[in-house]
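J.: Here's a structure for you.
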Amino acid sequence: MNENYDELLSYYSTRQLVDNLTSYGCKCIESNRLYSIKRKFYINKFHEYNIFKNSIKINHDFSEELIRALGSHNTQYIYNIDDPLYRILFSGLVEYEALRQLHIKDYHILGCLLLSCESARYDLMPDRFIWTLDHKTTHTSVIEFIQNVLNVFSYLRDAYKTPNFREWPKFTEYKAEEIEKLCQPESADYPHIAIYFFIQFHLHLQLLAATEHARANGVVLKGDIPIGISRNSVEAWTEPYYFNLNGQAGAPPDDFSVNGQNWGFPTYNWDVMEKDGYSWWMKRFRKMSEYFDAYRIDHILGFFRIWEIPMHAVHGLLGQFVPALPMTREEIEGYGMAFREDFFTKPYIHEYFLGQMFGPHTDYVKQTFIEPTETWEIYRMRPEFDTQRKVEAYFAGKTDEDSIWIRDGLYALIRDVLFVPDREDPHKFHPRIGVQHDYIYRALNDWEKAAFNRLYDQYYYHRHNEFWREQAMKKLPQLTQSTRMLVCGEDLGMIPDCVAWVMNDLRILSLEIQRMPKDPSQEFGHPDWYPYRSVCTISTHDMSTLRGWWEEDFQQTQRYYNTMLGHYGAAPAVATPELCEQVVRNHLYSNSILCILSLQDWMAMDGKWRNPNVQEERINVPANPRHYWRYRMHLTLEQLMKAESLNEKIKGLIEQTGRKG
């Protein structure tokens, strides 16, 4: 029977493997009793085969429904597979497909399950898989994957049960000579490291095959260049000199988050990168070009300047742009403000608003977190709670409503400053973003408010235009011209004028979203006014979908319904398929060279095929750095291919609007 196994293993796709298993009578699991799967797969010892050899027995013990779903004949078939590794692989793939069809969104469980399957698959052919590669594969590409330090990092991460290399018992500091020894075939670690090479290399082959198939059928694939890295990543481990690990990247307040965004990852040491011709970036772009014909630069504003937040802050409001031109005391006073350093740079905490912020918890806050100063009715934070991170640590694990109320109020107290010191020169300052909504601003007299507003407007919208243009032109021309891919930039948020100048000079496509118009005088963008050199879309992964947005703010939806869609009367409470089709059609008719819509917004046009639960359509909430990207298609690819009403509607719209190539 091993020949049959080998035939199944020749497929790279898990889906194909499962389809072949169904020919033996395997059925999908229809059970809600999945807790034992969690218990079984929340493990890291993927290479201890005794854990997996009893896989079917564990399933039998915890779920009678599982056995019924698999069928007695089928279960017996898997029991009778001689090689335990084949049994692990086949049973694991059946379970994975069952979880997938049940829309289980715990990616940790699914990831563990797949890794156990891949480990078994590798052990079935460790000595021969390189020699059975596609005939187009070059020896050079094999060597590239073998030597990739990501394989070693992945092995150590799983062996030590944490990606935080600072907590590893060994190899906390990357030393090439030590890592090279681990990768020698005679090393005891080598077989375990090779598993990750095996997985990475086959993913590479699969993606190449998909790319070739797409190009052969006239389909353009667009990739994505993320702006940041994790501080617990292989890049931070092996090349820490490229990054500022003492800062946190994020974004100032915008439509996504009133408190700004704190993404948590380090910012870049651009001066160091410039010295070697941005080789770190060049390698990323060139690798992308193997698979894609176009790409999006995530947060292209980061190549002009990045919003950097100090490590002691949780929210993004205490950040500053880097690089930037901070202000001296003399400059600030030149706007007509007498500079009072303690008053402007220390949290402003006054008796009169504490009751408004903390209500019945006011006395507790006074007794525990703040203390009086020499000035009557003025308080300061106690030293043990004088940063947002200290407050966060104190309230860790406390999820009751009162604790969250107090915690968020303390965050607001700590951020209530008019200026933040420069990260490099504490005698220079940046006006705190969005401070006009806080109590420190209200404490200014009318003259000071007017002076501060002039200073604020000059600083954020005029002072840096030429400076940031120069920063971008040091990097982007070389990077964008390093490949033949079409370049698109995600230029959303607080956009200085110089961004449009540079993107136009370098022929980088902008991103146009109707609910986030570039013109602040407009509530909604006009698709027929978009620049030709742009990509238009209805929603992105960081936003609610069209249907989700429709239900968020009824008054805004009503204005959109009347002014942009041209309808009279009250707007429907939900976005009907007909309204969604109208919005899609308007975007396809836009002036943008490309109209790229999310799958969810395409399916919104068809009441039969769109997701019954609109809340499941959301992919990411950028204001929450710990948010799981849990979106999963509610239909299989096979179902989508058979969705004739939807497919015909999409085809017809593309032809009607002249988007067909």
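J.: Examine the range 607-625 for a residue that is of a type in the set (D, E, K, R) and modelled with pLDDT of 95 or more, and state whether such a residue exists.
T.: There is at least one residue in the range 607-625 that is of a type in the set (D, E, K, R) and modelled with pLDDT of 95 or more.
J.: Also, I was wondering about something else. Which of the residues that make up the range 186-221 are within 26 Å of Asp158 (Cβ to Cβ), of a type in the set (A, V, I, L, M) and open to solvent by 70 Å² or more (accessible area, probe 1.4 Å)?
T.: Across the range 186-221, the qualifying residues are Ala188, Leu203.
J.: How about the range 330-351: which of its residues are modelled with pLDDT of 95 or more and surrounded by fewer than 14 Cβ atoms within 10 Å (Cβ to Cβ)?
T.: Those that are modelled with pLDDT of 95 or more and surrounded by fewer than 14 Cβ atoms within 10 Å (Cβ to Cβ): Glu330, Glu333, Gly334, Glu351.
J.: Given (1) more than 23 Å from Gln261 (Cβ to Cβ); (2) touching a Pro at 6+ places or on another chain (Cβ under 9 Å); (3) of a type in the set (Asp, Glu), identify the lone condition not met by Asp542.
T.: Result: Asp542 fails condition (1) only.
J.: Could you give me the residue pairs with C-beta distances under 7 Å whose first residue belongs to the range 308-325 and is within 18 Å of Ile440 (Cα to Cα), whose second residue is surrounded by 22 or more Cβ atoms within 10 Å (Cβ to Cβ) and among the small types (Gly, Ala, Ser) wherever it lies, and which are 6+ apart or on separate chains?
T.: What qualifies is His315/Gly260; Gly316/Gly250; Gly316/Ala251; Gly316/Gly260; Leu317/Gly260; Gly319/Gly250; Gly319/Gly260.
J.: Counting just the residues of the range 265-281 that are among the polar types (S, T, N, Q) and outside any strand (DSSP E or B), which one comes out farthest from Leu317 (Cα to Cα)?
T.: Ser279
J.: Would it be correct to say that Arg484 is of a type outside the set (A, V, I, L, M), surrounded by fewer than 19 Cβ atoms within 10 Å (Cβ to Cβ), more than 16 Å from Arg305 (Cβ to Cβ) and touching an Asp or Glu at 6+ places or on another chain (Cβ under 9 Å)?
T.: It is true that Arg484 is of a type outside the set (A, V, I, L, M), surrounded by fewer than 19 Cβ atoms within 10 Å (Cβ to Cβ), more than 16 Å from Arg305 (Cβ to Cβ) and touching an Asp or Glu at 6+ places or on another chain (Cβ under 9 Å).
J.: Could you figure out which of (1) closer than 15 Å to Leu476 by Cβ; (2) open to solvent by 30 Å² or more (accessible area, probe 1.4 Å); (3) in contact with a helix residue (DSSP H, G or I) (Cβ under 8 Å, 6 or more places away or on another chain) isn't true of Arg284?
T.: Here Arg284 meets the rest and fails (3).
J.: Failed condition for Arg296, given (1) outside any helix (DSSP H, G or I); (2) open to solvent by 10 Å² or more (accessible area, probe 1.4 Å); (3) within 15 Å of Phe419 (Cβ to Cβ), with all others met?
T.: Among (1) outside any helix (DSSP H, G or I); (2) open to solvent by 10 Å² or more (accessible area, probe 1.4 Å); (3) within 15 Å of Phe419 (Cβ to Cβ), the lone unmet condition for Arg296 is (3).
J.: Moving on to the next point. Looking only at the range 427-463, filter to residues that are farther than 21 Å from Pro310 by Cβ and in a loop (DSSP other than H, G, I, E, B); which one of those is least open to solvent (accessible area, probe 1.4 Å)?
T.: Leu444
J.: Give the number of residues within the range 149-163 that are part of a loop (DSSP other than H, G, I, E, B), open to solvent by 30 Å² or more (accessible area, probe 1.4 Å) and either in contact (Cβ under 8 Å) with a residue 24 or more places away in the chain or under 16 Å from Ala236 (Cα atoms) (or both).
T.: Adding up the residues that qualify gives 2.
J.: A further question on this structure: Name the one entry in Cys580, Cys595 that is buried (at least 18 other Cβ atoms within 10 Å of the Cβ), in contact (Cβ under 8 Å) with a residue 40 or more places away in the chain and within 25 Å of Trp529 (Cβ to Cβ).
T.: The unique qualifying residue is Cys595.
J.: Got a sec? Which helices (runs of 4 or more DSSP H) wholly within the range 174-264 have at least 3 residues that are without any contact (Cβ under 8 Å) to a residue 60 or more places away in the chain and among the hydrophobic types (A, V, I, L, M, F, W, C)?
T.: Ranges flagged: 176-182, 190-216.
The values are calculated or read from the model by the stated rules, or taken from the named source; none is laboratory data. None of these values were measured; they are calculated from a predicted model. When we count neighbours, we look across all protein chains shown, and the Cβ atoms used for this are built from the backbone with ideal geometry, even at glycine. The area values use the complete protein model at the heavy-atom level, side chains included, leaving out ligands, DNA and RNA. Shrake-Rupley method; radii C 1.70, N 1.55, O 1.52, S 1.80 Å.
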